[in-house]
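What follows is one structure encoded as structure tokens, with my remarks underneath.
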Amino acid sequence: AQKITQTQPGMFVQEKEAVTLDCTYDTSDQSYGLFWYKQPSSGEMIFLIYQGSYDEQNATEGRYSLNFQKARKSANLVISASQLGDSAMYFCAMSPYGGSQGNLIFGKGTKLSVKP
Amino acid sequence: ETGVTQTPRHLVMGMTNKKSLKCEQHLGHNAMYWYKQSAKKPLELMFVYNFKEQTENNSVPSRFSPECPNSSHLFLHLHTLQPEDSALYLCASSQDRLAGGPYNEQFFGPGTRLTVL
């Protein structure tokens, strides 16, 4: 069964510094996608970044980058130059190929707090 | 309106009430989803609709009844709920859950915060 593990319930980072949010996953599929979503206190889930299992390069989107280590089954999110508006819950998710394609399996999330 | 909208944003209901949650997407997508987000738990997928057909029901109790009249609208009808059903209910949409590859970015609405007394 697929599973996403986020071991950091909460993280603090100083404004303008970089922070890494951990995510490990468990799957027997060879093809899958990994996602990170941000959920501010307003509740909406905001898509941040995607990494395909066959992508050789780590995905980057502005200040977000995904440190993909396939052998370790980890997909950590790196946020550079943290801003106060980055304070939110962050969820790692996985989408398998095949019959459940399109279904997202989420981790429990990490609450990031950016200090001024 | 753009993106995915949900109404109401907040709902308080008694266990004997009947209410409905509404979701509308303005993205031209063909797949829509209902998720439940309880405190300290991962998001739980409840229902999936693809081209108006329900393709998944993740063992959701019958007191939750989804309806998808067209690709743009999704409802969740609620009746005789329990206090443990109190949660944030999120709706999402995507292009097509079977469109090639696992890259199937889902766009979420702001959610409905439901409290069952």
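The values are calculated or read from the model by the stated rules, or taken from the named source; none is laboratory data. Since we're looking at a predicted model, the values are computed, not measured. For neighbour counting, all protein chains shown are included, and Cβ atoms are generated from backbone atoms with ideal geometry for every residue, glycine included. For the accessible areas, the whole protein counts, side chains as well, though only heavy atoms, and no ligand, DNA or RNA atoms are used. Shrake-Rupley method; radii C 1.70, N 1.55, O 1.52, S 1.80 Å.
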Checklist outcome for this item: Once accessible area is computed for A alone, B alone and the pair with a 1.4 Å probe, the total buried surface, to the nearest 100 Å², works out to 1900
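Enter the mean number of other protein chain beta carbons within 10 Å of the beta carbon of each residue in B:35-43, as an integer.
Working: counts 3, 0, 7, 0, 0, 3, 3, 12, 11.
Taking all residues of B:35-43 together, the mean is 4.
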Checklist entry - When the dipole is taken about the Cα centre of chain B, and only Lys, Arg (+1) and Asp, Glu (-1) are charged at their Cβ, what size is it in debye, to the nearest 20? => result 400
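Which GluC sites (Glu not before Pro) in segment B:1-60 sit in a loop by DSSP (not H, G, I, E or B) and have at most 10 other Cβ atoms within 10 Å of their own Cβ?
Values: sites: B:Glu1, B:Glu24, B:Glu44, B:Glu53, B:Glu56; in loops: B:Glu1.
Passing sites in segment B:1-60 are B:Glu1.
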Checklist entry - From the Cα gyration tensor of segment A:40-110, with a ≥ b ≥ c the square roots of its eigenvalues, which class applies: rounded if a/c is under 1.5, or else prolate if a/b is larger than b/c, or else oblate? => result oblate
Checklist entry - Given the pairs B:Lys18/B:Lys41; A:Lys73/B:Lys36; A:Lys38/A:Lys108; A:Lys3/A:Lys38; A:Lys3/A:Lys111; A:Lys38/B:Lys40, which span a C-alpha to C-alpha distance of over 22 angstrom in this model? => result B:Lys18/B:Lys41; A:Lys73/B:Lys36
Checklist entry - In segment B:9-117, which trypsin sites (Lys or Arg not before Pro) are in a loop and have at most 10 other Cβ atoms within 10 Å, using DSSP for the loop call? => result B:Lys40
Checklist outcome for this item: Scoring only Lys, Arg, Asp and Glu (+1, +1, -1, -1) among other residues with Cβ under 15 Å from the Cβ of B:Thr80 yields +1
Checklist entry - Under the definition of partner shielding as Cβ atoms of other protein chains within 10 Å of a residue Cβ, what is the mean value for peptide A:33-39? => result 3
Checklist entry - In percent, how large is the relative contact order of chain B, given Cα pairs closer than 8 Å and 6 or more residues apart? => result 36
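For Cα pairs less than 8 Å apart in space and 6+ apart in sequence, what is the mean separation divided by the residue count of segment A:1-44, i.e. the relative contact order in percent?
Relative contact order here is 45 percent.
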Item to check | Partnerless Cys - the protein assembly as shown, beta-carbon criterion under 4.7 Å | outcome: B:Cys68
Checklist outcome for this item: Applied in sequence order to segment A:61-68, the curve 6.51 cos²θ - 1.76 cosθ + 1.60 (Karplus, θ = phi - 60°) yields integer Hz couplings, x standing for Gly and Pro, of 9, x, 7, 9, 9, 10, 8, 8
Checklist outcome for this item: Expressed in square angstrom to the nearest 10, the accessible area of A:Tyr50 with a 1.4 Å probe stands at 40
